[in-house]
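To start, the structure under review is shown below, and the notes come after it.
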Amino acid sequence: MAERPDQKEHEFMVTAVEPAREPTLDGVAVTLVDARGGRVRLHMDTDMAELLRERISAALNKTIGP
């Protein structure tokens, strides 16, 4: 029998990445949406956004090459 996913877990997909709308924030806003219609917006300063970019790049290099 197939394992049932935990109903408390959500798998989100990135639907948008844009400059932060708040004038006091220097960074980006990432919008995530799950299959149930839940929406989350992550606000990241430039340092955190750069760290995320490096980690995404490293993961892509492992799966598809540089």
Does the stretch 15-66 hold any residues that are among the polar types (S, T, N, Q) and touching a residue at least 12 places away in the same chain (Cβ under 8 Å), and which are they? THR15, THR31, THR46
Could you tell me whether any residue of the stretch 50-58 is at pLDDT 90 or above, hydroxyl-bearing (Ser, Thr, Tyr) and out of contact with any strand residue (DSSP E or B) (no Cβ under 6 Å at 6 or more places or on another chain)? yes
Please specify each residue of the stretch 27-55 satisfying the condition of being open to solvent by 90 Å² or more (accessible area, probe 1.4 Å) and assigned to a helix (DSSP H, G or I). ASP47, MET48, ARG53, GLU54, ARG55
Keeping to the stretch 10-35, report how many residues are polar (S, T, N, Q) and at pLDDT below 90. 1
Within the stretch 11-26, restricting to residues that are open to solvent by 80 Å² or more (accessible area, probe 1.4 Å) and not hydrophobic (A, V, I, L, M, F, W, C), the one that is farthest from MET48 (Cα to Cα) is GLU11
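The values are calculated or read from the model by the stated rules, or taken from the named source; none is laboratory data. Worth saying up front: this structure is predicted, and the values here are computed from it rather than measured. Note that each Cβ is placed from the backbone with ideal geometry, even for glycine, and that neighbours are counted across all protein chains shown. Just the protein is used for accessible areas: all its heavy atoms, side chains included, with ligands, DNA and RNA removed. Shrake-Rupley method; radii C 1.70, N 1.55, O 1.52, S 1.80 Å.
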